[in-house]
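Here's the structure we're looking at; comments come further down.
Every number in this text was worked out from the coordinates using simple rules, so none of it is lab data. Quantities reported herein were computed from a predicted structural model and do not represent experimental measurements. Note: ideal-geometry Cβ built from the backbone for every residue, glycine included; neighbour counts use all protein chains shown.
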Amino acid sequence: MTLIRTAAVLTAIALVAACDDTAGSSSSAPMAAAPGGPPFIETMAPEVSNAAVSSCQSALEAQTEGGVTVVGSETSEAATAIYMRVGANGAPWRCLVAPDGSGPELMFMGDEGAA
């Protein structure tokens, strides 16, 4: 009887460990941007203002949990785009903002159905 209980406990532990998304290698690649979506830029444009970067980073930190890291930016006539990653899985986000940092608009760029 004790052997059966021990086997049942070990099986339960194995099943729980298999469900743990954080188990495994800490060097896994960050979450990819959704296929078919806009490109995810991971280089910094030198002309992007600190105000634009700070505004987007603050807006994303207020809406998410986990560390926010700015990884890229680009500019156009319409807006400045700031690209960020959030949390341990590196979830990709984009923020469109005016060059002076006003009006940040956030968009999740990952695949909602990705594991």
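If I take every Cα pair under 8 Å that is 6 or more residues apart in region 48-112, average their sequence separation and divide by the length, what percent do I get for the relative contact order? Spell out each step's value before the answer.
Values: 134 pairs, mean separation 21.2, N = 65.
Normalised by residue count, the contact order of region 48-112 is 33 percent.
Measuring from the lowest to the highest alpha carbon on each principal axis, how far does region 29-108 reach, largest first, in angstroms?
The Cα atoms of region 29-108 stretch 31, 27, 19 Å along the principal axes, largest first.
Determine, from the Cβ-Cβ distance of Ser28 and Glu112 and an R0 of 25 Å, the FRET efficiency 1/(1 + (r/R0)^6), rounded to the nearest 0.05. Don't skip to the end; give the middle numbers.
On the way: r = 19 Å, r/R0 = 0.76.
E(calc), rounded to 0.05, equals 0.85.
Beta carbons within 10 angstrom, averaged per residue: use that to sort the peptides 50-57, 79-86, 91-98, 39-46, highest first. The partial results should precede the final answer.
Details: 50-57: 18.5, 79-86: 23.6, 91-98: 21.5, 39-46: 13.1.
Packing order, densest peptide first, comes out as 79-86, 91-98, 50-57, 39-46.
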